[in-house]
1. Could we say that ILE73 is within 20 Å of ALA14 (Cβ to Cβ) and under 13 Å from the mean Cα position of the chain (by Cα) here?
2. Yes or no: THR105 assigned by TED's automatic domain parsing to the domain that holds LEU127, in a helix (DSSP H, G or I) and polar (S, T, N, Q)?
3. May I ask you to verify whether SER61 is among the polar types (S, T, N, Q) and farther than 30 Å from PHE134 by Cβ?
4. Somewhere in the range 107-130, is a residue under 27 Å from THR37 (Cβ atoms), in contact (Cβ under 8 Å) with a residue 24 or more places away in the chain and not hydroxyl-bearing (Ser, Thr, Tyr)?
5. Out of ALA58, ALA44, ALA32, I need the residue that is over 29 Å from LEU100 (Cβ atoms) and part of a helix (DSSP H, G or I). Which one?
6. Just to be sure before I move on: is THR37 of a type outside the set (A, V, I, L, M), part of a helix (DSSP H, G or I), in the same structural domain as VAL136 (by TED's automatic domain parsing) and under 14 Å from the mean Cα position of the chain (by Cα) in the structure I sent?
7. Output the number of residues of the range 108-137 satisfying the condition of being among the aromatic types (Phe, Trp, Tyr) and either in the same structural domain as LEU80 (by TED's automatic domain parsing) or closer than 23 Å to ILE18 by Cα (or both).
8. Mind telling me which of the residues LYS84, LYS63 ends up being modelled with pLDDT of 95 or more, assigned to a helix (DSSP H, G or I) and surrounded by 13 or more Cβ atoms within 10 Å (Cβ to Cβ)?
Amino acid sequence: MWLLFALLSSVFAALTSIFAKIGIDGVNSNLATAIRTIIVLIMAWGMVFLTGAQSGMADISRKSWIFLIVSGIMTGASWLCYYKALQLGNVSKIVPIDKLSGVLTIILAFIFLHEEFTVKSVIGCILIGAGTLFMVI
């Protein structure tokens, strides 16, 4: 099931970039990010209430709160930079660079989460990095 959700995430992320580039025309990138964030906020809380997950808020540990808040700050910073980049450049160059986050995530997961870093992971990271460089040059 995780594969289906990962594939859907990829499709929605691709559509996000296309619709954002069209929608940001003549709009301040920070304002566009704020509008997008409101929609995401409404959708996320809608799913919480639709699935009855709101009852779990009292069980969230302090550590989880801290890391979820920091993660939210990183998401906000990422979105602000992404929308500014979209406003200034071509989607076909911005998206591959943005997707280098996958490589960075794998490296950081190895360092901080002690996840397995295999030969296959190293080769994949090198190929993604090389492919990104190839696409943006």
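1. Numbers: within 20 Å of ALA14 (Cβ to Cβ): no; under 13 Å from the mean Cα position of the chain (by Cα): yes.
It is false that ILE73 is within 20 Å of ALA14 (Cβ to Cβ) and under 13 Å from the mean Cα position of the chain (by Cα).
2. For THR105, the condition - assigned by TED's automatic domain parsing to the domain that holds LEU127, in a helix (DSSP H, G or I) and polar (S, T, N, Q) - is met.
3. Against the criterion (among the polar types (S, T, N, Q) and farther than 30 Å from PHE134 by Cβ), SER61 qualifies.
4. No, that holds for no residue.
5. Just one listed residue meets the conditions, ALA58.
6. no
7. Count: 1.
8. Of LYS84, LYS63, the one residue that is modelled with pLDDT of 95 or more, assigned to a helix (DSSP H, G or I) and surrounded by 13 or more Cβ atoms within 10 Å (Cβ to Cβ) is LYS84.
The values are calculated or read from the model by the stated rules, or taken from the named source; none is laboratory data. Given the structure is predicted, the values throughout are model-derived calculations rather than measurements. FYI the Cβ positions are ideal-geometry reconstructions off the backbone, even for glycines, and counts take in every protein chain you see.
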